[in-house]
Every structure is written in C-alpha cells, then in structure tokens.
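Worksheet: one structure, shown below.
The values are calculated or read from the model by the stated rules, or taken from the named source; none is laboratory data. What you are looking at is a predicted structure, and each value in this text was computed from that prediction instead of being measured. Note that we place each Cβ from the backbone using ideal geometry, even for glycine, and neighbour counts take in every protein chain shown. SASA here: full protein model, heavy atoms, side chains in, ligands and nucleic acids out. Shrake-Rupley method; radii C 1.70, N 1.55, O 1.52, S 1.80 Å.
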Amino acid sequence: MTTLTRPKRVLARRSVDGQLVLALVMIAGFVVIAVVGLFMQTQANTVNVADSLQPPSAEHLFGTDAQGRSVALRVAVGSGIAIVSATVAVLVGGALGLIVAIACGLGPRWLDAVLMRLADSVLAFPQLLLALAVTMALGTGLITANIGIIVTVVPVFARTLRAEALRSRNEPFVEAARTIGLSLPRIAVRHVTPYLSTTLIVQMAANFGNVVLILAGLSFIGVGAQPPTAEWGAMITDGLQNALTGQWWIGVAPGLALVLLVIAVNLLTDQLRHRFGARQRMS
Amino acid sequence: MPTYILRQVLGVLQTLLLSSIISFAVLRLLPGDPARLIVGPLAGQAALDAVREQLGLNDPVIVQYFDYVGGFLTGNWGYSYSNGADVTAVLAARLPATIELALYAFLFALVVAIVVATIASYRRGIVGALAKFFSLIGLGTPPFWLALVLLLVFSVNLKVLPGPSGRLTSFLQPPPTITGLYTVDALLSGNVVAFSDALAHLVLPAIALAVIPCAFLTRLLTANLEDAARGAFVTVVRSKGVSRWSTHTRHVLHNALLPTVSSSGVVLAALITGSVLVEEIFDWPGVGQVLVQGIQRQDFAVVQTFILLSAVIYVLVNLLVDVVVGFVDPRLRLQRAGS
C-alpha cells in the first residue's frame, strides 16, 4: 500500500506548485503588458483611417479596428485599466468590508444584526444590476462604475470576514488584550485585523476576477468606460459591429485577454485557499 | 417546522423592506427629471408641472416611498416612455421569450453539470483535472463575449445556425400562443417547421447564457459528490455487493444533489444577469433586451422595476428553496438555522 500511495502524493504536491507558478507567471505577464500599455496610450487612440480593418499581421498582432487603431495596443491599455480598476475595487471594498466585519464581531449584538440584515438586502440584487443602477445614479463612466462595483462587493467581504471576527472574540489573545485593558479600537487594529488578514487576502483574490467581469459587463452595456477608452468590455461592443462582416479579431482579442486574466487570478485564488486551508464558500 | 418557516419568512420580509429602500434611494439619486423625459424637450412648463404632479414628484420623500412600494406591490410599475406603454405590459409581453431562453440554458447547464461532475468525481486524475479546467474557464468567460465567438464560428463561418435574428426567421409566423414558449407551442400545434426554426434560434443564446451557471454547478456538484462519497453509507452499500459505479450514481449522487439545490438562487441570479448581457446581441425580444434599451434611452421606469423585481424574485426563490430543502432533509434545516 505505502509504495502505491507515496508517489501519488508527491505528484499531487508538485502539480499544486505548478499551478501556482503558472498563475503567477500569467499575472506577471499581464502586469508587464499593462505597463507597456501605460506608455502607449496616445498611440492606442490615434485614428488612422487608411489602416482600418487590417487582419492580424506581423505589424499589427491582433489587426486594426474600424478607425485603424491597433487592437493589440488597445488590449494592452485595456489590461492596465482592468488591473488598476479591479485592484482599487478589491482594496477599497475589502477595507470597508473589514471595518463592517470588525464592527459586527466586536460591537454590540444589535449592531451585528442590523449590519448583516443590510448586507443581505444588498446581496439580494444581482451584482451586475445593482452596480449598474448605482453607476447610472452617479453618471456613467469608469470611476462611477468602479464605485458601483465597490458598493456590491462590500457586503461580500463583510459576510465572510464577520464569521471570522465573531470567532476571534473568544480567542485567548483577544480576551487577554481585553483583560489588560486595551481599548476596543486598539484591539481591532492590532489584534483582530492581523487575525483576519489571511481570509481578507483570499477574499480579495476571489473577488478580483468577478470584479473584472462586472466592469467589462457594465462597459459592454454602455454605462462603464465610454468609447474611445480602450476598455475590454467597450472594445467587445465595438467588435460586435464588425463581427458579422468577418472582422473577428476586434472583439475576440480583448475577450481572450479578459478570460486569461480571470483564469490566472482564479487559479491563484484556488492555490491561496489550498495553502491557507481556508474552506470558504464560492462567491 | 412551522417556527422554522415563520422565522425564514420574517427574515425575508426584513430583507425585502431594506431592498426596496435601497432601490428607492438609488432611483431618487438618478440624474435628470423623469417628468421632462416623458413630456419631451419641447413641452412647456405647464405640461411639465402637470406630469410632475401626476407622478407625485412634488410630494414629500416619505409619501413618494410609500407610493413607490404600494405601486410595486399592486403591479403598477410606472410608464415606460420609450416603449409607449406601461412597464407591466412591456415586461409581461417579453417575459415568455426570456423564460424560454433561460429554461433551455438551465436545462443544458444542469445536464452537462450532472454528467461532468459525476464522471469527474468517479474517476479523478486526468478526467477530474479536465473537468476542473473547464469549469475554471467557464467561470471566467463573459457571456457576451462567448456569444460573439459562437456567432462568429457557427453563424458567420460555418453558416449552420442562424445569426442574430430573434426567436424565429422573419418570414415564419409565430405559433399560436398557448404557453408563450415558441418551441412548446409549435409542438402542441404540430408545426414542425416552426419548431425546428425556433430551436435553431435558441441554441447559441442558450449556450452563451448557460456557460457560467454550468461551470458553477459543475464545481459545486463535484465538491458535494466528493463529500458525499466519504459518507458511511457508501461502505454499507458497497459491502452489500453493489458495484462502485451504481453506488456512485444511485446513492452518492442523490445525496449530493440536495445540498446543490440550496444554491439555486445563485444560478437564478446568473441567468437574470446573463439574459441582460446576451439578449441584445441575438436581438432576442426578452426582458433583458428591454433593460439594455431602457438604459440607452434613459428610460428609468424600466430599469428601476427590473432591478427591484430581480431582487424580489431572488429572495423569494431562496426562501422557497430553503423551506423545501429543509422539509426534505431536516439536517440542512438545522444547519441553516444555526448559521
């Protein structure tokens, strides 16, 4: 028996490492592409009608769109937009969710009940639709779309972190901190926050891909980034207009980049969960 | 059991109350004057004031909120100026198209998920890894992009399926309305041509809509199957001489399905969101298309109703599922009450 199980276990561990490396390499690749895109923003928006609707070639990796702009360059700019927007959304959303969770965990019971009921009622709306309504209320655009997305992810963070925060209340280190007379804010910042940090990091990774998808969806419908911004969702809308006449590359390229980024981040999330042993529900 | 149901219902009522306040607050924040949108840019001040009064925009906020909730509950969902009809009538006319699309997408997702998850949890290793890989891709694929790719492959290049042309080819008469679902109505009235045409129009949008629910269900069901396979009953059944495969499909699968049903709400939300993203691409005349067109034409009455309605449906389906699942399996009831 032992000779049979041993090699299997080694194999399993190695494949886990391989997935982690793959995810990190893909994410690093996207960051490099995004940085390149950052310096090419003006070129990516330069209209050149003479070059319009060129198929993919050595000169234009993913061809050009109806205005003769290089699709590859615009995908690069788009990865910057996606990465920065999603990072901001999970950082701000995560921080706000953390505050709510700690208030639930350390505060009075009625506060916990009220906040969780509120979180439930926000979670009752499909994420994309609530983000859409908030974005429209604030006026369409990339920044307002991000605010809309943050509103929808805060309760997701709050719900998962709250369970941990409640558990921390009975941990010896929190009881000890109370006994020596530390103030509640100090316990929250110095003792409970570090306790929640692994869960917070896993949740940030878990929500990242979802946020990228929602932002693209909002821009696709027309309430997120507005053309001529090289945002992936807006580029797919653009690509739809040319799809039926055969210029497939305009819409396919940004979507492919989006799928790859989300896969990379979700792969990383699985590995983080695996490592930190956090068995959270899929969100 | 009755106290369990009562507690669930009370909780749901609180949630719905707060949800209605949230959606009302967002409505109030919307820029622009709804009255101006209805009368048009050329109307005079008198006409504008009349419509403002009619809409109750001059009342105190509290009164407006109660009007809004009262109107919502009595099915009076406002006037959609871009469609020139009441929102209730617009949504009712378009609901069958969305239900038909979502139904096929759901069935497709469910069948694929059950087959893939059963095989993946029975034979881990390569097959299991492949299933995991596909659900990873599925969860990262935006439905509107998949719709574009499917159209390019099957409609533009292979020319085997119709392009974005709604529910039926334009020269065909829709079958007589019985259920509102074209495929069912066509079959009931014996119209084979309309049936196959309607089905051909359904394939691509249904697959695009199904991808995320399918990936989600596959992942969840595989995990539940692996959990259930560790149960003590498996050893008992196996020791009675039942083969591993029929233990897996007859006993383990049954035990894994019920906890999967608990997350129907997530699948429903994915279908609602997906219909918003996919319908416009295929020119599918459903409620998702009305929403997207409503956004583009600043028709807030439609947007408002759709969003609150989706929350209400989501919460009610979750309540129903909780009660039914709790009735069938008391262990899950205790779990839910404890959390």
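All of B:LEU172, B:LEU168, B:LEU151 fail the test of being aliphatic (A, V, I, L, M) and in a helix (DSSP H, G or I), apart from B:LEU151. When region B:117-131 is filtered for residues that are open to solvent by less than 10 Å² (accessible area, probe 1.4 Å) and in contact with a Gly (Cβ under 9 Å, 6 or more places away or on another chain), the ones remaining, listed by number, are B:ALA120, B:SER121.
Contact map, region B:271-292: residues that are over 13 Å from B:GLY163 (Cα atoms) paired with residues that are outside any helix (DSSP H, G or I), Cβ distance under 7 Å, separation 6+ or inter-chain. Pairs shown: B:ILE272/A:PRO126; B:THR273/A:PRO126; B:SER275/B:GLY286; B:PRO285/B:GLY166; B:PRO285/B:ARG167. B:ASP227 meets the conditions (1) touching an Asp or Glu at 6+ places or on another chain (Cβ under 9 Å); (2) within 14 Å of chain A (Cβ to nearest Cβ) in every case but one. The failed one is (1). All conditions but one from (1) under 28 Å from B:ALA256 (Cβ atoms); (2) in a helix (DSSP H, G or I); (3) open to solvent by less than 20 Å² (accessible area, probe 1.4 Å) apply to B:THR141; the one that does not is (2).
Have a look at A:VAL202, A:VAL192 and point out the one that is more than 19 Å from A:SER85 (Cα to Cα) and of a type outside the set (Gly, Ala, Ser).
Matching residue, one of A:VAL202, A:VAL192: A:VAL192.
Taking the criterion of being under 16 Å from B:GLY78 (Cβ atoms) and loosely packed, with under 14 Cβ neighbours inside 10 Å, the residues of region B:40-54 that qualify are B:GLU53, B:GLN54.
Taken over region B:217-228, the criterion of being within 15 Å of B:ILE114 (Cβ to Cβ), touching a residue at least 12 places away in the same chain (Cβ under 8 Å) and surrounded by fewer than 21 Cβ atoms within 10 Å (Cβ to Cβ) is satisfied by B:GLU226 alone.
With the structure loaded, tell me whether B:LEU319 is of a type in the set (A, V, I, L, M) and at the interface with another protein chain (Cβ under 10 Å from one of its Cβ atoms) or whether it fails that test. In short, no. Residues in region A:216-268 that are assigned to a helix (DSSP H, G or I), among the polar types (S, T, N, Q) and open to solvent by 30 Å² or more (accessible area, probe 1.4 Å): A:THR237, A:GLN241. Please go through region A:120-145 and give me each residue that is surrounded by fewer than 23 Cβ atoms within 10 Å (Cβ to Cβ) and either over 26 Å from B:LEU316 (Cβ atoms) or small (Gly, Ala, Ser) (or both), ordered by number. Passing the criteria: A:SER121, A:ALA137, A:LEU138, A:GLY139, A:THR140, A:GLY141, A:LEU142, A:ILE143, A:THR144. Every listed requirement among (1) open to solvent by less than 60 Å² (accessible area, probe 1.4 Å); (2) without any contact (Cβ under 8 Å) to a residue 12 or more places away in the chain is met by B:LEU57 save one, (2).
Figure legend. Inter-residue proximity from region A:232-255: first residues at the interface with chain B (Cβ under 7 Å from one of its Cβ atoms), second residues surrounded by 24 or more Cβ atoms within 10 Å (Cβ to Cβ) and outside any helix (DSSP H, G or I), beta-carbon distance below 8 Å, spacing 6+ or different chains. Indicated pairs: A:ILE236/B:PRO142; A:GLY239/A:ASP65; A:GLY255/B:PRO142. Exactly one residue among B:THR260, B:THR273, B:THR247, B:THR235 is open to solvent by 20 Å² or more (accessible area, probe 1.4 Å), hydroxyl-bearing (Ser, Thr, Tyr), closer than 23 Å to B:ARG331 by Cβ and in a helix (DSSP H, G or I), and that residue is B:THR235.
Scanning region B:144-171 for residues that are open to solvent by 40 Å² or more (accessible area, probe 1.4 Å), of a type in the set (A, V, I, L, M, F, W, C) and more than 14 Å from chain A (Cβ to nearest Cβ) gives B:VAL160, B:PHE171.
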